[in-house]
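Taking it in order: structure first as structure tokens, then the write-up.
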Amino acid sequence: MANRHDLDRRSFLTGRVVAPVVHISSAVVSAFPARCAELVERLSALPGTEVHRVENGKIVIVMEAGSSGELGSRLAGIALMDGVLSANMVFEQIDSLDDRGAET
């Protein structure tokens with residue numbers, strides 16, 4: 001993939017230049033309250049996954065990945081973890097990494 005300084009007109013017009021993107025999703029994981037501490041450790045160890053809140057058997061997480069499919073696979077894996085009752089995506093956003101860099 002060409003970087004910003006290697007752009008040429010032909011690559012741009014033929015669609016070979018694609019800005020890298022990141023998919024960001026929040027999800028709520030419902031779990032047995034007695035298993036929450038253990039699950040928080042396991043969830044925190046997953047790549048691109050952060051735990052933001054735990055309350056009454058609900059664990060709010062935010063995940064980042066390169067595609068929606070990767071987020072879906074990770075969420076499906078979470079749903080199969082021992083002690084998890086359900087794992088549901090709440091929100092998904094797609095950001096261009098070029099846009100994120102411009103904000104800083």
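The values are calculated or read from the model by the stated rules, or taken from the named source; none is laboratory data. Values in this document were obtained by computation on a predicted structure and should not be read as measured data. Glycine gets a Cβ as well: all are built from the backbone with ideal geometry, and neighbour counts include every protein chain shown.
Among the residues of segment 69-95, those that are under 15 Å from the mean Cα position of the chain (by Cα), part of a strand (DSSP E or B) and of a type in the set (A, V, I, L, M) comprise ALA87, MET89, VAL90, ILE94.
For ARG53, indicate whether it is modelled with pLDDT of 95 or more and basic (Lys, Arg). Working first, answer last.
Values: modelled with pLDDT of 95 or more: yes; basic (Lys, Arg): yes.
Yes; evaluated as a whole, the condition is true for this residue.
Which one of SER96, SER25 is surrounded by 12 or more Cβ atoms within 10 Å (Cβ to Cβ) and modelled with pLDDT under 95?
SER96
Summed over segment 28-42, residues that are part of a helix (DSSP H, G or I) and either under 12 Å from the mean Cα position of the chain (by Cα) or loosely packed, with under 14 Cβ neighbours inside 10 Å (or both) total 4.
When we screen ILE78, ILE61 for residues that are modelled with pLDDT of 95 or more, in contact with an Asp or Glu (Cβ under 8 Å, 6 or more places away or on another chain) and aliphatic (A, V, I, L, M), the only hit is ILE61.
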